[in-house]
Amino acid sequence: MSRIWYTRCPAPTPFGITVQKGWLEQEFAADGIDVKALQDADDVQVRRSHFTHTQPWSFRQGGNIPALWARPQGSETRLIGLSWVDEFQALITLDRQLDANPQSLGRRRFGLPINTRASVVDFHRATALRGFSSLLGALGVQLDDIDLVDLPHTPRGLEDAKPTGDASLADWLDAQRSHEFAREAQALLRGEADVVFVKGATGLDIANVLNAKILLEIGAQADRVLHANNGTPRPLTVDAQLLRERPDLVERVVASTLDTGDWAHGHAGDLAHYVARETRSAEHWVERAYPGGLHRQLTIGLDPQALAALADFKHFLFKWGFIASDFDFDAWVDPAPLRAALTRRHAPTSPTV
């Protein structure tokens, strides 16, 4: 084998920081093993593996919805680690008369994005629906109590257009489709919806751009299991063939990712810079969107509570039709690479003669 493939989402993950700092390339340079991002491949099917996870010899850490979707689609992957970073999740509105109570929110229009070109799971839609369910649940409001309004959108590439002349902010956002929550912002500005869901540094950013009212944040939901969404927790998965044939290489990737967690713990001041690059947002918003002590959370493990939360979220996705069939979650988890990496890290070093 001469190449390991990887992919990650624009999110705060220890694996993403490991890649960004070039530590995987350093780890495997002496072995003559190339480390390459799926996004840099010429073959569209290789690039598409970011969602399908069908590319042999590959790793992925990022949003959990594609990972959960790909498994029952037939992708042979194993879950070998999780990171849980508490992040901003909220319902926002431009209507200053709205309040966070059942009487005010009943029968209001909640904008639910729908990708008109989605050939894989519509993770943006699933994320918003979970956000509505979890946040409204804190108030005793059910999804049946509100009006879900589809917000069709077709993702585009990056655009450099800026508002000129009579162009409205909504028109400008239409050209700036690269922003994660551009469609939600348009819906509020155009009166298509009363409330939308946003999350993370980009969500906090767009709420500020709109001068929106934050109706409810995830901290209002006392059940931590229901905090689980596409960004919490984020699974580190690996191609099962690679794990079978070269478990030693998988162990080394896990060990490097654990090293990143150690680095983050001791470099809280530098971490916001790296995470801002990962999330494509300003450090100012990173520091506010991940308030739970990011430098202490940017590591991987297989915490039972995090696994239980992810399994619960899997059931949510199956219930709402985002994944085609249920699957054995426990069988998907393989603790061997993490266990081996931790054992090696804690093994006593031989004395130098």
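Just to confirm the number: angle between the C-alpha axis of helix 200-210 and the first principal axis of the chain, 0 to 90 degrees, nearest 10? Value to nearest ten degrees: 20. Relative to the dominant Cα principal axis of the chain, helix 304-319 is inclined by about 50°. Packing, taken as the mean count of other beta carbons within 10 Å per residue, orders the peptides 40-48, 281-289 from highest to lowest as 281-289, 40-48. A straight line joining the Cα centroids of segment 190-221 and segment 244-287 runs 27 Å. The convex hull defined by the C-alpha atoms of the chain has an orientation-averaged projected area of 19.4 nm².
Estimated from helices alone, the mean residue ellipticity of the chain at 222 nm is -12500 deg cm²/dmol (sum of -39500 (n - 2.57) over DSSP H runs with n ≥ 4, per residue). A simple spin-label model places pseudo-atoms 7 Å from Cα toward Cβ; at His315 and Arg244 they are separated by 3.1 nm.
For segment 1-149, the residue among Trp5, Phe15, Ala126 whose Cα projects farthest onto the positive side of the dipole built from Cβ charges is Ala126. Placing a pseudo-label 7 Å from each Cα along the Cα-to-Cβ vector at Asn101 and His265 gives an inter-label distance of 4.6 nm. Largest mean-square fluctuation among Gly266, Gly81, Gly219, in a Gaussian network model of the chain whose springs join Cα atoms under 10 Å apart, belongs to Gly266.
Here, each number is a calculation from the coordinates, and none is a lab measurement. Not measured: the values here are computed from a predicted model. As a convention, Cβ positions derive from the backbone with ideal geometry for all residues, glycine included, and neighbour counts pool all protein chains shown.
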